[in-house]
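**Q** One structure, pasted below without further comment.
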2 protein chains.
Amino acid sequence: MNVATPIRPAQRLRPDEASIADLTGELTKRFGNRVVTSLAVRQQHAHTTTWLANQPPDIVVLPESAEEVAEIVRLCAARRVPVIPFGTGTSLEGHLNAPFGGVSVDLSLMKRLVAVHPEDLDCVVEPGITRKELNEQLRDTGLFFPIDPGADASLGGMVSTRASGTNAVRYGTMKDNVLALTVVTPDGSVVKTGTRARKSSAGYDLTRLFVGAEGTLGIVTEITLKLHGIPEAISAGICSFPTVKDACDAVIVTIQSGLPIARIELLDEVQVRAVNAYSRLTLPETPLLLFEFHGTDAGVKEQAERFGEICAEYRGGNFEWATRAEERSRLWQARHDVYWASLGLRPGAKGVASDVCVPISRLAECLAETKRDIEEHGMVAPIAGHVGDGNFHVMPLVMLEDPAEVRMAEDFMHRLVERAIAMEGTCTGEHGVGQGKMKYLKAEHGESALGLMRLLKRSIDPDDIMNPGKIVGA
Amino acid sequence: MNVATPIRPAQRLRPDEASIADLTGELTKRFGNRVVTSLAVRQQHAHTTTWLANQPPDIVVLPESAEEVAEIVRLCAARRVPVIPFGTGTSLEGHLNAPFGGVSVDLSLMKRLVAVHPEDLDCVVEPGITRKELNEQLRDTGLFFPIDPGADASLGGMVSTRASGTNAVRYGTMKDNVLALTVVTPDGSVVKTGTRARKSSAGYDLTRLFVGAEGTLGIVTEITLKLHGIPEAISAGICSFPTVKDACDAVIVTIQSGLPIARIELLDEVQVRAVNAYSRLTLPETPLLLFEFHGTDAGVKEQAERFGEICAEYRGGNFEWATRAEERSRLWQARHDVYWASLGLRPGAKGVASDVCVPISRLAECLAETKRDIEEHGMVAPIAGHVGDGNFHVMPLVMLEDPAEVRMAEDFMHRLVERAIAMEGTCTGEHGVGQGKMKYLKAEHGESALGLMRLLKRSIDPDDIMNPGKIVGA
């Protein structure tokens, strides 16, 4: 297996300047000052928290409805101009870059909570709403949307990257929490992929076709989401371990025992140091598990007791509880800020994000080998992970102006992905493919599966206008 | 909306006799006495528990490996002969019929439990293993596979119909419990759709493309399944209600309260009467909820108490507990036998199965209207349902030799489906489309979504050899 084989250069051509000028005119006629072409705004729309180079689109347009999205897509399709949906710009693998130029469709004006059905535990939203905005608006219903990738991402973006995050170990990923989508397909049609029924066997699963498709098959314009009752009791805390392996083993036993833990996160000692500095905390600078239980009062108490026994068995220290809601928020905010905290470990450096995921039985081994690899190469690379799913992040901090460092980080990333795939894992648990992970798909899926993915792309988007140059490429 | 519009006659032609003779020769040369062409066996392979007419395949072949399946598919593809995968023959909508003849690929010799990974809560199986066989073989591991459609279906069949059943309210459907598949596609390629990682964002969701595809896009030859720990405590029982509406309202409040009930099944008084007669039970002949709790000892006790309070509020009687494992098995066996029990209500009649699913807030209303409809038309049509998901079965008992009765049942089915779709539900919660539900897909999904389904079928299976005449037709 040679996952490092470079992707062949894309076949797609950039639209010529005349097409773009003509399209700008048409869009401006129709959408007025909701069409923006200033360089700063265009660059901001290709910007993601990534180390990949910025490739701005030619035009940014802000639609206000599915019909307007369809209109934009039709105008672009007629000229074979790329269309790149934009939510909040928090993706990590260059998903929003415009390697062939084109139109960034910024969905931030489409952020309505269209309907809440508390009795059915579901709601309907537009794609631009962010997860925090959604939960803010849901507060009075006693319900919440649990998927939490850390960043305050848009729900459209979360659908498109098949996001998960800290709560996935209990509540699943976006794949499990989307009931139906409305999608504008490359020909400008509006497709509704499902109903509000909790389950259906009525034909192909169009919903899951678009969840995780990263805008390469269409633009999501409406989402029906499952909601969950805010638990009667929540308790969160931390536990220190002498080694990452001990912490990992405690996690493995917890998951195997079926304990319905809501969050179980690992920070290694390097990551804890970064978090303490950034978030002004005084966490013990050892490998650490952060955890949270959801349930009834009695249920949460029972879970905590069992988990305590497991941690003790793997040399975990005493639990420190974050009992008040504010303490809990502070703890999770610190967890969510690890990206920014990590950058502080090496001022001037960029973070090379990763998110491999392996079967949990291989997690301790995968982490140990990865830490050894980091040490051998003298890198600064904190580790944090949604370890209940077998998913973790290593972020080497790299001075991009030093080609030797960049090369070292790339080689490290190749080894990390090869290690995960060899352990029956995946090159990306939750960030998605974007541009950054394209080169690993063949090694992970094999030629037949990748061929089938290419066939899907080619059939649904024959002119390759939807976010071209991502996932299966041009 | 006119869901009753007939499907246009299929364009596909039956292969000519010479092709079939030639293919029979080739297959026999290769597979010897694992090729069967006797009429009785062929009819048995088109047989399902359905009222639809039997359309036998031309040939039945029993492969022993994925490579053999691929060989068969290539031989058929070369002659454009249909291929219809066969598990146990328990589907309900004519999924196994061969309207254009062809080869039934009987997977019953491929029933190995290939690997169990207790530490990862997963296993790998061949498609022919049945759910009871699987759970039997898993017993010593302390793990089980929860999806239970009633019939002792094969796992390949369950994947292909996106099966669910009594446990889905707690454990999800097949969509949620398949980690990866190996599939032979129409060109004879072998595609692996995923890894053993619990989650992945590495490209299009090929797994969910094949789950629920009813063999129309390929033949599943290996399945990686999620497993669950056998709960420490299980308790099951029944509760009588004066009306179906009361029972339904109790279910709705239970689900809304987030109570993690493992099973919650409704039988109406007609169904209970049938069950009592067939399974020699003495259940009270009123609307009845059958339920089961899974958890720790304390957790199960707490759930039962809360559920008791809810039932009391909706005029439910006292719980009768099935405390011993044998009593529990007897109760669930009786539930699983409702199809056969119902036939006993009208000897000589056939059952017209249905399985609409609606948002739970509409369930009481949908059931009430349906019961009124049954009464108005003087039909015998017991109702049983996985009501925690909003999914229920009505089975009119029909003398097929009486055209007026058949017409009445068909009209009833149209009204039932129209009612469910009007309530934002689906024409099939778990049985699948097969031949029986094809005519409802346009009303449910709309032209654009149905067009996209057709595009998927046409792209992946351009020669229409995979189970033709099902889901989106020929």
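The values are calculated or read from the model by the stated rules, or taken from the named source; none is laboratory data. It should be emphasised that the depicted structure is a prediction, and the values quoted were computed from it without experimental measurement. As a convention, Cβ positions derive from the backbone with ideal geometry for all residues, glycine included, and neighbour counts pool all protein chains shown. Note: areas computed on protein heavy atoms with side chains; ligands, DNA, RNA excluded. Shrake-Rupley method; radii C 1.70, N 1.55, O 1.52, S 1.80 Å.
**Q** List the residues whose amide H sits under 5 Å from the amide H of B:G215, counting only those 5 or more places along or on another chain, with H placed 1.01 Å from N in the peptide plane.
**A** So B:G215 has HN proximity to no qualifying residue.
**Q** Quick one: putting +1 on the C-beta of Lys and Arg, -1 on the C-beta of Asp and Glu, what dipole do you get for the stretch B:58-203 around its Cα centre, in Debye to the nearest 20? Each step should come with its number before you reach the end.
**A** On the way: 15 positive and 18 negative charges, 91 e Å.
The dipole of the stretch B:58-203 has a size of about 440 debye.
**Q** Next question, about the same structure. With n ≥ 4 as the cut-off for DSSP H runs, can you work out [θ] at 222 nm for chain B, using -39500 (n - 2.57) per run divided by the number of residues, rounded to the nearest 500?
**A** Computed ellipticity for chain B at 222 nm equals -11500 deg cm²/dmol.
**Q** Please compute the average number of Cβ atoms from other chains found within 10 Å of each residue's Cβ in peptide B:424-436.
**A** Average per residue, whole number: 4.
**Q** What does the charge count near A:F144 come to, summing +1 for each Lys or Arg and -1 for each Asp or Glu among other residues with Cβ under 12 Å from its Cβ?
**A** +1
**Q** Additional query: Starting from the alpha-carbon convex hull of the stretch A:113-229, give the projected area averaged over all orientations, in nm². Walk me through the numbers on the way to the answer.
**A** Values: hull surface 27.4 nm².
Over every viewing direction, the Cα hull of the stretch A:113-229 projects on average to 6.9 nm².
**Q** Also, quick follow-up: Suppose each label sits 7 Å from its Cα in the direction of the beta carbon; what would the A:V41-B:V41 distance come out to in nanometres?
**A** 7.1
**Q** Which residues of the stretch A:332-369 show a drop of at least 10 Å² in accessible area when all protein chains are present, compared with their chain alone (probe radius 1.4 Å, heavy atoms only, ligands and nucleic acids excluded)?
**A** Hits at the 10 Å² cut-off: A:C357, A:P359, A:I360, A:S361.
**Q** Specify which residue in the list A:I264, A:T370, A:V387 is farthest towards the positive end of the charge dipole of the stretch A:233-422, using unit charges on the beta carbon of Lys, Arg (+1) and Asp, Glu (-1), about the Cα centre.
**A** Result: A:I264.
**Q** Averaged over its residues, how many other protein chain Cβ atoms are within 10 Å of peptide B:446-458's Cβ atoms?
**A** Across B:446-458, the average partner-chain Cβ count within 10 Å equals 6.
**Q** Sticking with this structure for a sec: With r defined as the distance between the Cβ atoms of A:R280 and B:E313 and R0 fixed at 45 Å, what FRET efficiency is calculated, to the nearest 0.05?
**A** The value I calculate is 0.35.
**Q** Once the label point is set 7 Å along the Cα-to-beta-carbon vector, what list of distances in nm do you get between B:I230 and its counterparts in the other copies?
**A** The projected label point of B:I230 is separated from its counterparts by 4.0 nm.
**Q** Could you list which residues have their amide H under 5 Å from that of B:V114, counting only those 5 or more apart in sequence or on another chain, with H placed in the peptide plane?
**A** Correct list: B:V124, B:V125, B:E126.
**Q** Once Rh is set to the Kirkwood radius over Cα pairs, what Stokes-Einstein translational diffusion coefficient, in µm²/s, holds for the protein assembly as shown at a temperature of 20 °C and a viscosity of 1.002 mPa s?
**A** This corresponds to a translational diffusion coefficient of 74 µm²/s.
**Q** Protein chains only, probe 1.4 Å: how do A:E424, A:E305 rank by accessible area, largest first?
**A** A:E305, A:E424
**Q** Would you mind getting me the FRET efficiency between A:K301 and B:D411? Use the beta-carbon distance for r and R0 = 51 Å, nearest 0.05. Could you put the intermediate results ahead of the total?
**A** On the way: r = 56 Å, r/R0 = 1.10.
The pair A:K301/B:D411 has a calculated efficiency of 0.35.
**Q** What is the dipole size for the stretch A:233-422, taken about its Cα centre, with +1 at each Lys and Arg Cβ and -1 at each Asp and Glu Cβ, in debye to the nearest 20?
**A** Magnitude of the dipole: close to 300 debye.
**Q** Roll a 1.4 Å probe over the protein chains and send me the accessible area per residue for the stretch A:113-229 in Å².
**A** Value for the stretch A:113-229: 23 Å² per residue.
**Q** May I pose another question? Nearest 100 Å², what total accessible surface is buried between chain B and chain A (probe 1.4 Å)?
**A** Its buried surface, counting both partners, is about 5900 Å².
**Q** Let me check I've understood the local charge: for B:A168, count other residues with C-beta under 15 angstrom from its C-beta, Lys and Arg +1, Asp and Glu -1. What total comes out? Mind showing how you got there, number by number?
**A** Working: positive: A:R198, A:K199, A:K226, B:R131, B:R162, B:R170, B:K175, B:K226, B:R263, B:R335; negative: A:D176, B:D148, B:D176, B:E265, B:E292, B:D355, B:D389, B:E430.
Taking every Cβ under 15 Å from that of B:A168, the sum is +2.
**Q** If you put a point 7 Å past Cα along the Cβ direction, how far is that point for A:D152 from the same point in each other copy, in nm, smallest first?
**A** 5.7
**Q** Next up: Given a 1.4 Å probe and every protein chain left where it sits, what share in percent of the accessible area of the stretch B:162-258 is carbon and sulfur? Intermediate results must be reported in sequence, preceding the final value.
**A** On the way: 1080 of 2080 Å².
Solvent-exposed carbon and sulfur of the stretch B:162-258 make up 52 percent of the total.
**Q** If you don't mind, another one. Given a 1.4 Å probe, how much area per residue of the stretch A:277-415 is accessible, in Å²? Walk me through the numbers before you get to the answer.
**A** Details: 6160 Å² over 139 residues.
Per-residue value: 44 Å².
**Q** How large is ³J(HN,Hα), in whole Hz, for each residue of the stretch A:308-320 in order, when computed from phi with the Karplus curve 6.51 cos²θ - 1.76 cosθ + 1.60 and θ = phi - 60°, using x for Gly and Pro?
**A** x, 4, 4, 4, 4, 4, 9, 6, x, x, 5, 5, 10
**Q** Moving on to the next point. So if I take the centroid of the Cα atoms in the stretch B:116-182 and the same for the stretch B:291-368, what is the distance between those two points in Å?
**A** Here the two parts' Cα centres lie 21 Å apart.
**Q** With each label point set 7 Å from Cα along the Cα-Cβ vector, what nm distance links A:V114 and A:R30?
**A** Each label point lies 7 Å from its Cα, and together they span 2.0 nm.
**Q** Taking the Cα atoms only, what angle lies between the long axis of helix B:363-376 and the longest principal axis of chain B, rounded to 10 degrees?
**A** 80
**Q** Evaluate E = 1/(1 + (r/R0)^6) for B:M399 and B:E369, where r is the Cβ-Cβ distance and R0 equals 30 Å; express this FRET efficiency to the nearest 0.05. Don't jump to the answer; show the numbers that get you there.
**A** Numbers: r = 25 Å, r/R0 = 0.84.
The computed FRET efficiency comes out at 0.75.
**Q** Nearest 10 degrees is fine. How inclined is helix A:66-79 to the longest principal axis of chain A, computing both from alpha carbons?
**A** Once rounded, one gets 60 degrees.
**Q** Going 7 Å from Cα along the Cα-Cβ axis for the label, what nanometre distances separate A:D140 from the same residue across the other copies?
**A** Label point to label point, same position, other copies: 6.0 nm.
**Q** Counting only residues 5 or more places away or on other chains, whose amide H sits under 5 Å from the amide H of A:A180 once H atoms are built in the peptide plane?
**A** Under 5 Å from the amide H of A:A180: A:T224.
**Q** Oh, and also: Run the accessible area of the stretch A:329-427 with a 1.4 Å probe and give the carbon-and-sulfur part as a rounded percent. Intermediate results must be reported in sequence, preceding the final value.
**A** On the way: 1820 of 3450 Å².
The computed percentage sits at 53.
**Q** Please compute, over every Cα-Cα pair in chain B, the percentage with a separation greater than 29 angstrom. Provide the component values of the computation, followed by the final result.
**A** Working: 55227 of 112101 pairs.
Within chain B, distances greater than 29 Å cover 49 percent of Cα pairs.
**Q** Moving on to the next point. Mind ranking A:L456, B:L13 by accessible surface for me, highest first, 1.4 Å probe? Intermediate values should be presented prior to the final figure.
**A** Numbers: A:L456 5, B:L13 130 Å².
If we order A:L456, B:L13 from most to least accessible, we get B:L13, A:L456.
**Q** If the viscosity is 0.692 mPa s and the temperature 37 °C, what Stokes-Einstein diffusion coefficient in µm²/s follows for the stretch A:233-422 when Rh is the Kirkwood radius over Cα pairs?
**A** Approximately 194 µm²/s, per Stokes-Einstein.
**Q** Compute the Kirkwood hydrodynamic radius of the stretch B:163-227, taking the inverse of the mean of 1/r over all pairs of distinct Cα atoms, and give it in Å to one decimal.
**A** Evaluated on the stretch B:163-227, it is 12.4 Å.
**Q** If you take the square roots of the eigenvalues of the alpha-carbon gyration tensor of the stretch A:324-393 and sort them as a ≥ b ≥ c, do you get rounded (a/c under 1.5), prolate (a/b over b/c) or oblate?
**A** Oblate, because a/c is 1.5 or more while a/b does not exceed b/c.
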